[in-house]
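The values are calculated or read from the model by the stated rules, or taken from the named source; none is laboratory data. Keep in mind the model is a prediction, meaning the values are calculated, not measured. Ideal geometry is used to build each Cβ from the backbone, glycine not excepted, and the neighbour counts take in all protein chains shown.
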Amino acid sequence: MGGIVRHDWQVSEVEALFALPFADLMFQAQSTHRAHHSPNAVQMSTLLSIKTGACPEDCAYCPQSVRYDTGLERERLVPLDEVRKSAQAAKDAGATRFCMGAAWRSPKKKDVDAVVAMIREVRALGMETCATLGMLTPAQAHELKDAGLDYYNHNVDTSPEFYGEIITTRTYQDRLDTLSAVRDAGLNVCCGGIVGMGETTRDRASMLATLANLPQHPESVPINQLVRVPGTPLAGQKDVDPFDFVRTIAVARIVMPKAFVRLSAGREVMSDELQSLCFLAGANSIFYGEKLLTTGNPDVARDRALLTRLGIEPFTPPGLAAVADAHAHEEPHVHGPGCSHAHAPARPGAACNATRQR
């Protein structure tokens, strides 16, 4: 049951999984999970908004869109030294991956140059790196890969059929093209969607079939519960039935058995019991920290307490310890007039190692 990896799912087959009796679905999801993953380990990531607000897109769920009055203040790109401090704090709290998100439709050259410097700083701490910057060209994807980026996040958000009800400023194919560019560059793909935007169960099945039928499954699949932000078009949506949300996690686990399924946005309002069901359904990654781009997230103490109660240990990706040890023996390079390394503007004397709903 748990060992087959497929790329030929019919939407009707995925929809049939959603329709299984809850106990049967959970049994199949947990069996699949145990065939490919440690059953009691969760990978922890921390997400930092490195550039907030003023996005020209019209994603109906997003408080960062310039089209909606949500009270969110626009912020400039976060300075390099602040990114490093945030990454160090995340690592100290137990996160193994540091994700950087920017509210761009697509980054310009100067933007990519700045993010390249951030990637190098975070990698020097011995952490995995992830970025979500909007649409990428193949050349940009290769540049980020060369800088040491491990993962690139670009969600499809929902089904191809429902997508036009949520976003009109970029097409579904635009999203798939970016995923293709990221994959061709050799980056790991982080791609998932949002539950609770008014979509049907068939839409959820179609979204997961789209991801499962990619030539290679995403390594990370974030499943977000809509955070209803006042001022956005989706602020008045009804609550998602908790069991429907758990079913989405379980079906994602079954159709993409080797992926890390991330319990993502919306955790702040989830009970410990609901989150526990999600872990039982196959979720084995979370965002860790008090903020997720611009929306709330459970604090570190609550997460630690819950994981301890459940007997779940943090998952450490292979190789990170070796990376950290290698950098520990390097002499830090200091920015100066003769520094030729590509980096974002930083305060004098800052170290240069040079080596969303989400």
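At-a-glance table
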read-out: Of all residues making up the range 90-118, the number that are farther than 19 Å from Ala54 by Cβ and aromatic (Phe, Trp, Tyr); value: 1
read-out: Given (1) crowded, with 22+ Cβ neighbours inside 10 Å; (2) in a helix (DSSP H, G or I), number of the condition Glu199 does not satisfy; value: (2)
read-out: Per-region count, the range 41-75, residues more than 14 Å from Met118 (Cβ to Cβ) and either part of a loop (DSSP other than H, G, I, E, B) or at pLDDT below 85 (or both); value: 24
read-out: Matching residues, the range 105-133, being outside any helix (DSSP H, G or I) and surrounded by fewer than 21 Cβ atoms within 10 Å (Cβ to Cβ); value: Arg105, Ser106, Lys108, Leu125, Gly126
read-out: Helices (runs of 4 or more DSSP H) wholly inside the range 209-328 that include at least 1 residues being among the charged types (D, E, K, R) and modelled with pLDDT under 90; value: 300-310, 320-328
read-out: Condition check for Lys238: over 19 Å from the mean Cα position of the chain (by Cα) and surrounded by fewer than 17 Cβ atoms within 10 Å (Cβ to Cβ); value: yes
read-out: Residue within the range 263-274 that is touching a helix residue (DSSP H, G or I) at 6+ places or on another chain (Cβ under 7 Å), surrounded by fewer than 24 Cβ atoms within 10 Å (Cβ to Cβ) and under 18 Å from Phe27 (Cα atoms) present; value: yes
read-out: Filter result for Val83 (within 26 Å of Asn224 (Cα to Cα), in a helix (DSSP H, G or I) and touching a helix residue (DSSP H, G or I) at 6+ places or on another chain (Cβ under 8 Å)); value: yes
read-out: Within the range 134-159, considering residues that are of a type in the set (D, E, K, R) and under 16 Å from the mean Cα position of the chain (by Cα), the one surrounded by the most Cβ atoms within 10 Å (Cβ to Cβ); value: Asp157
